[in-house]
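The values are calculated or read from the model by the stated rules, or taken from the named source; none is laboratory data. Keep in mind that what you see is a predicted model, and the values were worked out from it rather than measured. Quick reminder, even Gly has a Cβ in these numbers, built from the backbone with ideal geometry, and neighbours come from all protein chains shown.
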Amino acid sequence: MGLSHSSHYSHVSHVRSVATFNEKVIISPYEDIYPRRDLFDFYGNETYRPQFDLLIQGYQALKDRPYEDMRSYYQVSGIHGLPYTAYDGVTGSDPYKSSEISEGRWGGYCQHGSALFPTWHRPYMFLFENLLINEVKQIALQYPSNQRNKYIEAAKQLRHPYWDWADEKAAKGVPDIFLTPTIEINTPKGKKNVSNPLRNYILPTNLSIPLQKGQNPTDKPNYHIPNMTYNPYTPKGYTTIRHPNSNYEDQYDLLNQNFSIYVPSVLRPALYQMYHISNYLHFSNHIVTSSDHEMPESDPGHPEPDPKLNVGSAHFASIETAHDGLHLIAGGLGGHMTYVDITAFDPLFYFHHINCDRLFALWQGVFPDSWVPQNINGNGTYTEGMNYVVNEYTDLEPFRKSETEFWRSSDVRDITKLGYTYLELEKFRGKDPNVLQNYLLELYKPDPHYGTRFFVKVTIERGKLVGPYAIRVFVDLPSANAATPVTSPHFAGFVAMWQSTLKHKKNSFVVGTVDITAAMVRLGIRTEQHGYLHDVNSTTGLLKPTSLFNIGTDINIVPVMMNGYEVSPKDAGVTLVQVFSFEHDKVDKNFLVESSGEFLSFKKF
């Protein structure tokens, strides 16, 4: 049986026969509510083995559809970015023109750098899940009579699993299910070893445009990984790839090494900070503006040392910032996950974004009264030009709830009305939101977990440099450069810049933070509060040198392109670096949105 709350539904089942090419793609809620499960629990548990068998076959069925079919894996993946064409005939009021790319307009449908980032991706994942379940329900009917009912029930209960990339076990690397070339499943024709559809996707047509000679996979044996300012070219018949080498082969050892380093230093601290943010706008996306047109006049926990330094209200940690970091970590130079225009073609994308939806739903459970305000989308989309107004009633194109209506943020606020949930939400349903918040803070707490934590806040002007790239932060290593390994004890973390064009809205910034506490502990740098008794020379009355925090030498900012090249902080758009500390175990749990932080130092570029 499904979970409770099914009284929401009085509509006809979403199940339909295989649609024709001309039938509009409409997403309907499920009749029953079932949870989206953790991938590790899902495929490692015999209880859910039939669902897993169907999941694998459903992915393959979507890939096997003709790529012109709007219900095919290719078309649904193309909604996000390339090939910048209309999905299901949805062109909007101001359809994208290829000439506008030079002006900085975004050519995909996705909402990035917008308050609609979490809500737009919700029906996107719901669409993919809907189509997947339609496929598996047809597959379940093909099983022998002695297995059919079991698989029909499994198809009914199947919801797309998520991969929690910030769980402690994620530091061990990417789950094998995304890496192994083949996998054994039980099909309607018995147990078979099948090609693993979660490993990659073979492009049915050319994706992106050919690059200069030597940068195309077809240029073997003289292929070299393309310059990061391009979208890597994937010719027809070639696969999506992760961290490719000079032979256009996946480097899974490098992929897993990245997770061992970045899960504790980047991903877990990001979520720990995020679950302290109570303002939806601060939580939802990574963009801030100096004019505050996109942000209200409030600064989440950051007392400004000088009004002249103010560059607009800033995120401390947003879901989009954390999401951006995962893309850079998972893809690497030349890998599809790294590039916003082509990322959705890697199957890993869907497990990542289902998890982002889970993180969003859990945040809603902690702060149920905060929701989408009126806002500006500066980037534009395939259907709308730059700098248009959005709110909770903006159509989330191209996702239809009928032939003439599109889903809106107001429609997807309650996921149980869509027919799915997450087990953690159900566990804490009806309890004080603080109980859920405490659970999440414990789940994602950084190590070491001290009462006083230190953060470097980096403000980066967009459009100074073509991305994607990373702003690495080192502690107490003035010689740090792009060649300094991230395995160094001085490495604290990075801020991801996930973008692909030079043109951006004027005075538009990305603000990210890096928790430097663990690096300070490794290096023996004191983390306790400075005090007169211990820090002041009793003879001279001056602060002892060991107590000084010099941002010019102690905090080292190294912007690194995806091809490993270093650029100066100024050229990378870094305008301001600040250091704050918080004694968050001694104040209200929502410490980041009250002025409880101690400003320590800053440096302008």
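Here are a few things to note about the model shown:
- Filter result for residue 184 (farther than 22 Å from residue 55 by Cβ and either free of Cβ contacts under 8 Å to residues at least 60 places away in the same chain or not small (Gly, Ala, Ser) (or both)): no
- With respect to the conditions (1) over 19 Å from the mean Cα position of the chain (by Cα); (2) hydrophobic (A, V, I, L, M, F, W, C); (3) part of a strand (DSSP E or B), residue 371 falls short on a single one, namely (3).
- With respect to the conditions (1) among the basic types (Lys, Arg); (2) closer than 23 Å to residue 420 by Cα; (3) in a helix (DSSP H, G or I), residue 159 lacks only one, and its number is (3).
- Some residue of region 225-235 being surrounded by fewer than 14 Cβ atoms within 10 Å (Cβ to Cβ) and not β-branched (Val, Ile, Thr): no
- Per-region count, region 86-106, residues of a type outside the set (Asp, Glu), within 19 Å of residue 23 (Cβ to Cβ) and surrounded by 14 or more Cβ atoms within 10 Å (Cβ to Cβ): 4
- Among the residues of region 468-496, those identified as part of a loop (DSSP other than H, G, I, E, B), under 15 Å from residue 258 (Cβ atoms) and in contact (Cβ under 8 Å) with a residue 40 or more places away in the chain are 468, 486, 487.
- Test for residue 404: is it β-branched (Val, Ile, Thr) and free of Cβ contacts under 8 Å to residues at least 40 places away in the same chain: yes
- Restricting region 128-142 to residues that are touching a Lys or Arg at 6+ places or on another chain (Cβ under 9 Å) and part of a helix (DSSP H, G or I), the residue that is surrounded by the most Cβ atoms within 10 Å (Cβ to Cβ) is 140.
- Looking only at residues in region 343-392 that are out of contact with any helix residue (DSSP H, G or I) (no Cβ under 6 Å at 6 or more places or on another chain) and among the charged types (D, E, K, R), the one that is nearest to residue 174 (Cα to Cα) is 358.
- Residue that is modelled with the highest pLDDT [pool: residues in region 213-231 that are over 20 Å from the mean Cα position of the chain (by Cα) and closer than 30 Å to residue 171 by Cβ]: 225
- Test: residue 102 is among the polar types (S, T, N, Q) and farther than 17 Å from residue 155 by Cβ: yes
- Sole exception among (1) under 27 Å from residue 352 (Cβ atoms); (2) touching a residue at least 60 places away in the same chain (Cβ under 8 Å) for residue 151, by number: (1)
- Cross-chain or 6+ apart pairs with Cβ under 8 Å, region 377-391 first and under 13 Å from residue 95 (Cβ atoms), then of a type in the set (Lys, Arg): 380/105; 385/105
- If you filter region 324-338 down to residues that are of a type outside the set (Gly, Ala, Ser) and surrounded by fewer than 24 Cβ atoms within 10 Å (Cβ to Cβ), you find that the one that is farthest from residue 227 (Cα to Cα) is 327.
- Residues located in region 166-196, provided they are of a type outside the set (D, E, K, R) and out of contact with any strand residue (DSSP E or B) (no Cβ under 9 Å at 6 or more places or on another chain): 166, 170, 171, 173, 174, 175, 178, 179, 180, 188, 190
- Residue within region 155-174 that is within 32 Å of the chain's Cα centre (by Cα), free of Cβ contacts under 8 Å to residues at least 40 places away in the same chain and surrounded by fewer than 16 Cβ atoms within 10 Å (Cβ to Cβ) present: no
- Unique residue being within 21 Å of residue 573 (Cα to Cα), modelled with pLDDT under 90 and surrounded by fewer than 16 Cβ atoms within 10 Å (Cβ to Cβ) when the list is 307, 296, 303: 307
- Where residue 124 falls short, out of the listed (1) touching a strand residue (DSSP E or B) at 6+ places or on another chain (Cβ under 9 Å); (2) part of a helix (DSSP H, G or I); (3) over 17 Å from residue 347 (Cβ atoms); (4) not charged (D, E, K, R): (3)
- Matching residues, region 255-281, being in contact with a helix residue (DSSP H, G or I) (Cβ under 8 Å, 6 or more places away or on another chain) and farther than 30 Å from residue 489 by Cβ: 278, 279
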